[in-house]
Amino acid sequence: MKYVFMTDVSCDLTQKQVDEVGVAVIPMEFQIGDKCYMHYPDCRMMKLDEFYALIDEGAYPKTTQINIDGFKRYFEQYLKAGKDVLYTGIPTGLSGTFNTCMIAVEELREKYPNRKLIAIDSCCDSAGLGLLVYMAGKKYQEGATIEELEDYIESTKKNIAHWFVVEDLEHLKRGGRISSVAATFGKALQIKPFISCDETGKLANVGKIRGKSHVIDTLVKHLKRDGENLKKSTVFIGHANSPEVAKELKKAIKGICKEVQLCEIGPIIGSHVGSGMIAVVFPGKRNLQA
């Protein structure tokens, strides 16, 4: 390949999925207590079961944006080697990381005027970003030019539908996504926020689900309602330390789409949603009606 396709680890792809589509992944930092860790797709610094065990014991991790020097370091290693770079990662609707990325991009474009360095705001979160990268990675593996891949991502990114159900309201409260009162009553009444994301990738709390028994049915209903061309499409199920629910959801949607792939929500997103989140993302309309 004459260019490198890159993303960041907030995409929550597994190492196997990363290897399958040949995407380069920028790690990101998270902190628990006074210790800092870098998260990679292979979870080399902390395994996910250990991370979620700490959360279940009461830990509240913090995450850190990729800084300008970090972006420059990861991009420049390829530019120096004579390769172009296309990057898409965590969206502006969720983080200021992309704006930081663009500062690095402008500096490197001046330094390497003969190279192409393209950065795209993905408008997709977590497993949704993972699905976008996975689909684009298939085009990359098939030999798409950097311009063709840019066009594909731009035309596809807002047609990835996201639906999340969150189990641990405390993490949403700490992140300012819901109020303290809502968190308290939600926990007491077993009410779970039903979350999607708008066209910028910003999370939108669009409804509530009462009790675990309705989670699978609700996610399947929205997949059927909003999905497009599912018989020819891959659907991603993301979960935060909830493999049994993920397997149950996979079983429930088998036959609706071409294939279903599972991915585990890593520390970058898991720090903000806590243990137990379940998500389904798929090609379709971003319909924010519950």
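The values are calculated or read from the model by the stated rules, or taken from the named source; none is laboratory data. Since we're looking at a predicted model, the values are computed, not measured. Backbone-built Cβ (ideal geometry, glycine too); neighbour counts: all protein chains shown. SASA here: full protein model, heavy atoms, side chains in, ligands and nucleic acids out. Shrake-Rupley method; radii C 1.70, N 1.55, O 1.52, S 1.80 Å.
Of all residues in the stretch 1-33 being of a type in the set (D, E) and either modelled with pLDDT under 95 or surrounded by 14 or more Cβ atoms within 10 Å (Cβ to Cβ) (or both), which is farthest from the chain's Cα centre (by Cα)? It would help to see each step written out before you state the result.
In the first step, residues of the stretch 1-33 are kept if they are of a type in the set (D, E); the result is 8, 12, 19-20, 29.
Keeping just the survivors that are either modelled with pLDDT under 95 or surrounded by 14 or more Cβ atoms within 10 Å (Cβ to Cβ) (or both) gives 8, 12, 20, 29.
On the way: D8: 9, D12: 5, E20: 17, E29: 15 Å.
Looking at the filtered set, the residue picked out is E20.
How do the pairs read when you match residues in the stretch 142-158 that are in contact (Cβ under 8 Å) with a residue 40 or more places away in the chain with residues anywhere that are part of a helix (DSSP H, G or I) and open to solvent by 70 Å² or more (accessible area, probe 1.4 Å), using Cβ under 9 Å and keeping only pairs 6 or more apart or on different chains?
Hits for this filter: L149/K139; I153/K139.
Identify all residues within the stretch 263-290 that are open to solvent by 60 Å² or more (accessible area, probe 1.4 Å) and either outside any loop (DSSP other than H, G, I, E, B) or β-branched (V, I, T) (or both); write none if there are none.
Of everything in the stretch 263-290, those that are open to solvent by 60 Å² or more (accessible area, probe 1.4 Å) and either outside any loop (DSSP other than H, G, I, E, B) or β-branched (V, I, T) (or both) turn out to be E264, H272.
Among (1) surrounded by 20 or more Cβ atoms within 10 Å (Cβ to Cβ); (2) over 15 Å from T7 (Cβ atoms); (3) among the acidic types (D, E), which single condition is D151 missing?
With respect to (1) surrounded by 20 or more Cβ atoms within 10 Å (Cβ to Cβ); (2) over 15 Å from T7 (Cβ atoms); (3) among the acidic types (D, E), D151 is out only on (1).
Consider V260 against the criteria (1) buried (at least 16 other Cβ atoms within 10 Å of the Cβ); (2) free of Cβ contacts under 8 Å to residues at least 40 places away in the same chain; (3) over 19 Å from K16 (Cβ atoms): it satisfies all of them except one. Which criterion is unmet?
For V260, the exception is condition (3).
Mind counting the residues in the stretch 57-90 that are under 23 Å from K35 (Cβ atoms) and not aromatic (F, W, Y)?
Number of matching residues: 14.
Can you tell me which residue in the stretch 236-257 is most open to solvent (accessible area, probe 1.4 Å), limited to those that are within 20 Å of D125 (Cα to Cα) and either in contact (Cβ under 8 Å) with a residue 60 or more places away in the chain or among the small types (G, A, S) (or both)?
N241
Can you find a residue in the stretch 123-137 that is closer than 20 Å to R286 by Cα, modelled with pLDDT of 95 or more and not in a helix (DSSP H, G or I)?
Yes: the stretch 123-137 contains one or more residues that are closer than 20 Å to R286 by Cα, modelled with pLDDT of 95 or more and not in a helix (DSSP H, G or I).
I need every pair where a residue in the stretch 218-232 that is at positive phi has its Cβ under 8 Å from the Cβ of a residue that is surrounded by 12 or more Cβ atoms within 10 Å (Cβ to Cβ), sequence separation at least 6 or different chains.
Within 8 Å, the pairs are N229/P283.
When you go through G58, G82 one by one, which is the residue that is assigned to a loop (DSSP other than H, G, I, E, B), more than 21 Å from the chain's Cα centre (by Cα), farther than 22 Å from D12 by Cβ and modelled with pLDDT of 95 or more?
G82
Here is a list: A161, A104. Which entry is modelled with pLDDT of 95 or more, buried (at least 19 other Cβ atoms within 10 Å of the Cβ) and over 30 Å from A246 (Cα atoms)? Walk me through how you get there before you give the answer.
Working: A161 fails: over 30 Å from A246 (Cα atoms).
Checking each option against the conditions leaves just A104.
Scanning for something modelled with pLDDT under 95, of a type in the set (A, V, I, L, M, F, W, C) and in contact with a His (Cβ under 9 Å, 6 or more places away or on another chain), does the stretch 183-192 turn up at least one residue?
No, there is no match, as no residue in the stretch 183-192 is modelled with pLDDT under 95, of a type in the set (A, V, I, L, M, F, W, C) and in contact with a His (Cβ under 9 Å, 6 or more places away or on another chain).
Please tell me if M38 is within 25 Å of S196 (Cβ to Cβ) and either open to solvent by 10 Å² or more (accessible area, probe 1.4 Å) or hydrophobic (A, V, I, L, M, F, W, C) (or both).
For M38, the condition - within 25 Å of S196 (Cβ to Cβ) and either open to solvent by 10 Å² or more (accessible area, probe 1.4 Å) or hydrophobic (A, V, I, L, M, F, W, C) (or both) - is not met.
Could you check D226 against (1) at pLDDT below 95; (2) closer than 28 Å to I90 by Cβ and say which number it fails?
For D226, the exception is condition (1).
Could you go through the stretch 65-76 and let me know if any residue there is touching a His at 6+ places or on another chain (Cβ under 9 Å), at negative phi and not basic (K, R).
Going through the stretch 65-76, the residues touching a His at 6+ places or on another chain (Cβ under 9 Å) turn out to be none.
Scanning the stretch 65-76 turns up no residue that is touching a His at 6+ places or on another chain (Cβ under 9 Å), at negative phi and not basic (K, R).
How many residues does the stretch 107-122 contain that are open to solvent by 20 Å² or more (accessible area, probe 1.4 Å) and either in a helix (DSSP H, G or I) or hydroxyl-bearing (S, T, Y) (or both)?
Total satisfying the criteria: 5.
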